[in-house]
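Just so you know, all these numbers are worked out from the coordinates, no wet-lab data involved. Everything numeric here is computed off the predicted structure, so don't read it as measured data. Here the Cβ positions follow ideal geometry from the backbone for every residue, glycine too, while neighbour counts run over all protein chains shown.
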DNA sequence: CGCTAGATTAGACGGATGTCGAATCAAGAC
DNA sequence: GTCTTGATTCGACATCCGTCTAATCTAGCG
């Protein structure tokens, strides 16, 4: 499973690189962290916008990219929309990049 | 350190997202995996080119992106250039994406 | 030296990306 | 219904990105 164990196949690379691509923007990385680090792993969009010097449409665009990459999910509750992190994909990416300790056995 | 523990700062996000951006292409992800999964963690460029249906300059371009992101290093030995993975940055990214188990204590 | 093989650089091209303002949609208050 | 607030969608713009061919550089061989 880790990248260092065996070569990532073409299909898997396409799928996984899409997730990394979504993480490849400082605003999106901070957005994901803001969402994931909150108690309950959820955040309202209104709480996220204030952390950036960007327009609301731009934040909305970045959240959509994160959602389409499968890194977050969203749910509307009344007036506000809440985003939550998806731990499954995060763990998968984390394992992919993991580097076994120098002397670790197979 | 993990993304879910506390919000990633602006400066750290800029630095880390640059690495994820480099991983955000299927060719580069496979290249890194091909390099890292080889015995000794090294690979010659000539061995990498054959795995793709791309021109040599394109492979060279992707290797440069990986190098400038700090994910690989390169060294010329005679006629051939060898690339090796950088485990330190890989581990840092892996830890960043790690999601503690549900019942884990702080 | 010239020649060949491996690798990078330079320049060009089409397509994707990040940002914005304006318009639109959704839900509630009055 | 109208108005207000939160959030998204639309359309535009400048910039960046992946790919190619052609040219260049590096190292060895004769």
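Enter the mean number of other protein chain beta carbons within 10 Å of the beta carbon of each residue in A:80-92, as an integer. Before the final figure, lay out each step's value.
On the way: counts 0, 0, 0, 0, 0, 3, 1, 5, 1, 2, 7, 4, 1.
Per residue, the average neighbour count from other chains is 2.
Apply 1/(1 + (r/R0)^6) to the Cβ-Cβ distance of residue B:95 and residue A:77, taking R0 = 41 Å, and write down the FRET efficiency to the nearest 0.05.
According to the calculation, E is roughly 0.80.
Using the Cβ-Cβ distance between residue B:6 and residue A:14 with R0 set to 35 Å, the FRET efficiency from 1/(1 + (r/R0)^6) comes to roughly 0.65.
May I ask you to compute the full-extension gain from residue B:84 to residue B:104, defined as 0.36 nm times their residue separation minus their alpha-carbon distance, rounded to one decimal in nm?
Numbers: separation 20, 0.36 × 20 = 7.20 nm, distance 3.51 nm.
Full extension from residue B:84 to residue B:104 adds 3.7 nm.
Relative to the longest principal axis of the Cα atoms of chain A, helix A:87-97 runs at roughly 40 degrees.
Taking the Kirkwood radius as Rh and the Cα radius of gyration as Rg, segment B:1-59 has a ratio of Rg/Rh equal to 1.13.
Taken residue by residue and averaged, Cβ atoms of other chains lying within 10 Å of the Cβ of A:96-103 number 6.
Put one equal scatterer on each alpha carbon of segment B:25-94, apply the Debye formula with no solvent term, and list log10 I(q)/I(0) at q = 0.13, 0.16, 0.27 1/Å to two decimals. Log10 I(q)/I(0), no solvent term: -0.32, -0.49, -1.41. Peptides B:28-40, B:56-68, A:53-65, A:80-92 ordered by packing proxy, namely the average of other Cβ atoms within 10 Å per residue, highest first: B:28-40, A:80-92, B:56-68, A:53-65.
Quantify how strongly other chains surround peptide A:32-43 by giving the mean number of their Cβ atoms within 10 Å of each of its Cβ atoms. Present the calculation step by step, with values, prior to reporting the outcome.
Details: counts 6, 12, 4, 3, 9, 7, 2, 0, 0, 2, 0, 0.
Mean number of neighbouring Cβ atoms from other chains: 4.
Quick check: the angle from helix A:56-68's long axis to the longest principal axis of chain A, C-alpha only, nearest 10 degrees? Compared with the principal axis, the helix lies near 40 degrees.
Fewest neighbouring Cβ atoms within 10 Å first, the residues A:44, B:46 line up as B:46, A:44. Where the centroid of each part is defined by its Cα atoms, how far is segment B:45-106 from segment A:58-106 in Å? Centre-to-centre distance over Cα atoms comes out at 21 Å.
Quick one: if the Förster radius is 35 Å, what FRET efficiency do residue B:64 and residue A:49 give, using the C-beta to C-beta distance and rounding to 0.05?
Values: r = 36 Å, r/R0 = 1.04.
Efficiency for this residue pair is about 0.45.
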